[in-house]
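Worksheet for the structure shown next.
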Amino acid sequence: MKHALRLPALLAIALLAACSTLTPANPGAASADWQVLRQSASEDVRIRPATPPRAFVAPRLGKVRFQAADKSEDAAELETLRQSLADSLKQELASAPASTAAPTLNVTLSDPRPVSPVLNVASALLLFVPLDTGAISVEAELVAPDGARIAIWRERLSGGVLDISGSLSRWARVRNALTDWAKRCAHQPPWSSGEQAS
């Protein structure tokens, strides 16, 4: 019986590991023109070297979009996710004073993977935890007023395993992960002066 329980657990863990990995960066973002602040399987943060710290402060929101239009049955739900992220960012960035010298924050979503309610029911019955969290990739860029990209933050987000209320919804855990990301982006972005100094 223990072996029968181990197989679904291993499959769920493999699934979670696979969905927490970013796709490789495009060649432009990987060039020597960028200074790497963070790099891991799930996150990549780069800035233009010698950019003054004040250039990263108080961005205004630009575009929030999906990399490619989704034609699946989830298209409406994904548009709701995109709009929810845009609304969260507007709200979180609203306290920043408007300035003509402020950079523009553009956000691109890609590679969405919904939660499997069936897998979560099975893992909850076998392991007492709904393991499938869903995932989505987020790329934030800061663009200076002259149009130059000065920062890139790519991250593969997964929902929280302890987000029990969203475990039977295909997109609730992903939506909650994006809401948390919007707060970090507005208040503790990795390109902030404190992060560069570390």
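The values are calculated or read from the model by the stated rules, or taken from the named source; none is laboratory data. These numbers were taken from a predicted model, which means no experiment stands behind them. Glycine gets a Cβ as well: all are built from the backbone with ideal geometry, and neighbour counts include every protein chain shown.
Assorted remarks:
- Test: ALA124 is within 23 Å of ARG170 (Cβ to Cβ), modelled with pLDDT under 90 and of a type in the set (Gly, Ala, Ser): yes
- On the stretch given as segment 81-102, residues that are within 20 Å of GLU155 (Cα to Cα) and in contact (Cβ under 8 Å) with a residue 40 or more places away in the chain total 7.
- For segment 54-90, residues that are surrounded by 14 or more Cβ atoms within 10 Å (Cβ to Cβ) and more than 17 Å from THR108 (Cα to Cα) total 5.
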